[in-house]
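Below is one structure, written out as structure tokens, with a few remarks after it.
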Amino acid sequence: MNRINAEKLLAALAASKKSMSAADALAASGLDDLAQVNDLAREMEQEGLLWITPMGNLLTPEKGRLTAATIVSQSEHFCFARPKDGSPDLFIPEERLNGAMLGDFVFVCDREEGAKGPSGAIRAIIRPGTHCFTGRHAVGKDGVTGFVCDAPLRYTIPLQSGGEVPMGEKVRVSVQRDKFGSLYAEVLQMYGSADSARICADAVLDGHNIPTVFPQEVLDAAAALEEGGIPAEELARRLDLRDEMIFTIDSAEAKDLDDAISLRATENGWHLGVHIADVSHYVRHGSVIDMEARKRGTSVYFADRVVPMLPEAISNGVCSLNAGTDKLAFSALMELDHNGNIVDYEFRKTVIHSKVRGVYAEVNEIFAGTASEEILAKYAPVMDALTEAKKLASVMRHAAHERGYMELDSVESKFIMDENGVCIDMMPRTTGEAEQLIEQMMVTANQAAAKLGKAKKLPFIYRVHEEPSAERLANLQELAVRLGFDARKLEPGVRQQDLSELLDKARETKYSRIISFQMLRTMAKARYDTSPIGHYGLALEDYSHFTSPIRRYSDTSIHRILSAYVDGMTPADIRREYYEFADEAAALSSDTEVRAMTAERDTEDRYAAEYLRAHVGECYHGTVNGVTEWGIYVQLDNTAEGFVSALMFPRNFCFDGLLSYSGGGKEPLTVGDSMEIRVVKADVASGMVDFEPADRPPNTPVEPRFPARGGHRPGGDHGGDKKPKNTYPKSDRSPSEGGFHKNKRSDNKHHNTRKRGR
């Protein structure tokens, strides 16, 4: 969609007192022809920017009192729609659904506020969802046998030809309406037992429409690139850095080495080179490999596999910066002062020859002074650069803290699999100084790329992160005050330094994790955009993603645009050539990132449940990290998380509406408190884990405590359809930023540690 033309059309519609015909909109907007207006209007309607009325006229949602929203939860007699503008979810009763279903993008009308929150009616379905879901053939909580959905489709759907599907089978279905308007599920695919996390992971990929198999023509094209080598004329046109002390540092298992560094001290600071695999040289715009990469948008990382964005011949082959071989790179060459600030920079197409294939664990041993003679000998060629890199990274971390960089606590899980792909253990993932060093270098290169894009007014893809909203800040302030922190500065316009100060103070208390979680929920989601609005969480005015083109389409797109610039194309010509491309690439990169992170989160829950299923009845120590009216979330020391229902507590042990359970002569339970629990149930198919207090006699019957609320408990993945205000369940785990909120990748034998947000 051409953003400039869209803005012209919206301006014309906004100036009109009523809806406009396409012909009138053409005259008012100054667009080229009627076909252009009609095509643009259809694209804009798909994004919820305007409405094409049943009479064919064009109308802004505001004038039509319409709200663009997505149906995010569906129960038997109602739905919830999540507005695109971020306002609270809208309750839609069954009689006002107008045929809408889970996943549909809709316009909501008749919006009104009620005692239980905002509600409305579906005016039009503007972009139907796929209506394809994964789940299992089972007996649901409602006692009905049929299709039990993984997604928030919260009641059991009759399964067509259910007699042919084994009970407990993981399935993918198409949910449809019969002639009476009732839903039924038609089986599209059977996977195997829903008690296997590996099987469930297969279903998750399909459920999120993530391609897993490369078409043969894509594989053939990638193989041809790998076999082609580097032509002599290509070497001649590049800056030759093969004699530089360039090296990589990654996990021991990594095969897709997309970044290397070089560093030397100068009189005024440092000269830093960040050398990135030149993916855009091989993956040409519009090629079959490029089109497949667009569909994927990003690599997806599970506990037992990686689903790559690019074929192995490229990701692990021709583009991987393996030591001892000549490789084509796109290098950010930067001059830094003694405070780590970028003083000057240039981007060049280069040829490099990595001297050492570094490994995080080995470099951490060198920094700790525990490295063997063998390791020291391996790194001898680059030891001076490593020493300087350690100094520079320390300077950069200090500068980041001074400007208000917020490093939120994030306990990520590492899963241990057996030879059959079954999760047999899990533990917290740890990172060392080497990982943090590479993180700092990559952030600096990403910053330089954004500076260049903005300075030359190129069509560009920035990694952006807005300031927190007033409503979310108010929730954080309320929590901080209740926990005894000074929260007077937590007002709109709050500085990053003030939020960072709160994090530092919280780390001295047992409330560190909940403050960090709530801080994360307070933040907007980091995303891609063509406007350089800055990155609030990293406290940077200029930021982009340049350093991982093997696994992120956003980075590949930036390489393509910067390649045109360094090859001599004028900024004006680049704007004409790449304006729409940048807009499209930013949107698809944001969408596919969310898709990947949701899939990764879903599979992590299932692997954790698979591990705990083998430990039902055992007791563990944990920490309360979420409290709701319906119970308590507890995270174990090994990072597994489960839910303790309020039914497990005495009747007079009650929720205080915000942070605690107390009463009945028992010690209060508050977010941050320790708690001993027993594993009661671990359901692999749904990823749900139930705990009970360890001091509660096993198998004690529960007594109903709350009136039925649709048969589901609100909050988190145990949830029903709406979470009460001022409750603090487990983290939303929303995509924000590596470094700011570290989202690490598995580093088991199958693939390497990666951070989506570098």
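Bear in mind these aren't lab numbers, they're just calculated from the coordinates by the rules spelled out. These numbers come from a predicted model, not from an experiment. Cβ coordinates were reconstructed from backbone atoms using ideal geometry, including for glycine residues, and neighbour counts include every protein chain displayed.
Global size of the range 67-127: 9.9, 30 Å for Rg and Dmax (C-alpha atoms, Rg to one decimal, Dmax whole).
Here the label points at T130 and A399, each 7 Å from Cα along the C-beta direction, are separated by 4.4 nm in the simple model.
Taking 7 Å steps out from each Cα toward its Cβ at N652 and M383 produces label points 7.1 nm apart. Taking only the C-alpha atoms of the range 480-621, Rg followed by Dmax gives 21.2, 68 Å. Semi-axes of the equivalent ellipsoid of the range 1-139 are 32, 17, 11 Å, computed as sqrt(5λ) over the eigenvalues of the C-alpha gyration tensor in descending order.
The chymotrypsin sites (Phe, Trp or Tyr not before Pro) of the range 93-199 that DSSP puts in a loop, and whose beta carbon has at most 12 other beta carbons within 10 Å, are F180.
Principal axis extents of the C-alpha atoms in the range 132-194 (largest first, rounded to whole Å): 32, 23, 21. Here D240 and A368 are evaluated by their C-beta separation; at R0 = 35 Å the FRET efficiency comes out at 0.45.
Oblate is the label for the range 413-503, because the ratio a/c of its alpha-carbon gyration tensor axes (a ≥ b ≥ c) is 1.5 or higher and a/b is not greater than b/c. The stretch between D337 and E226 holds 36.0 nm of extra length on full extension. This uses 0.36 nm per residue minus the Cα-Cα distance.
For the range 3-59, the alpha carbon convex hull comes to 68 Å³ per residue, rounded to a whole number. Residues within the reach of a label modelled at L503 (point 7 angstrom out along Cα to beta-carbon, backbone nitrogen below 15 Å), restricted to the range 452-496, are 465-468, 495-496.
For the range 1-95, the set of trypsin sites (Lys or Arg not before Pro) satisfying both a DSSP loop assignment and a count of at most 10 other C-beta atoms within 10 Å is given as K17, K18.
Under the combined filter of DSSP loop state and at most 13 neighbouring Cβ atoms within 10 Å, the range 103-173 retains these trypsin sites (Lys or Arg not before Pro): K116, K141. Spin-label pair K456-R575: with each label point 7 Å from Cα along the Cα-Cβ axis, the two points sit 1.4 nm from one another. Return the tail of the calculated pair distribution for the range 467-523, meaning the percent of Cα-Cα pairs more than 17 Å apart. Of the Cα pairs, 22 percent sit more than 17 Å apart. Rounded to the nearest angstrom and listed largest first, the equivalent-ellipsoid semi-axes of the range 396-459 from its Cα gyration tensor are 35, 17, 10. Once the C-beta distance of A614 and T145 is scaled by a Förster radius of 35 Å, the resulting FRET efficiency is 0.80 to the nearest 0.05.
Return the subset of K8/K457; K355/K391; K170/K681; K116/K505 for which the Cα-Cα distance in this structure is over 30 Å, preserving the input order. Where the Cα-Cα span goes over 30 Å, the pairs concerned are K116/K505.
Across all directions, the shadow cast by the convex hull of the range 132-255 built on its C-alpha atoms averages 14.0 square nanometres.
Considering only Cα atoms, the convex hull volume of the chain works out to 184 Å³ per residue. Helical content alone sets the calculated 222 nm signal of the chain at -9500 deg cm²/dmol, taking -39,500 (n - 2.57) per DSSP H segment of four or more residues and averaging over every residue. Test of understanding: extend the Cα→C-beta vector of E95 to 7 Å, then name every residue of the range 172-214 with backbone N under 18 Å from that spot. Correct set: 181-182.
Segment A23..S182, full-extension length gain: 53.1 nm, with 0.36 nm per residue of separation and the alpha-carbon distance subtracted.
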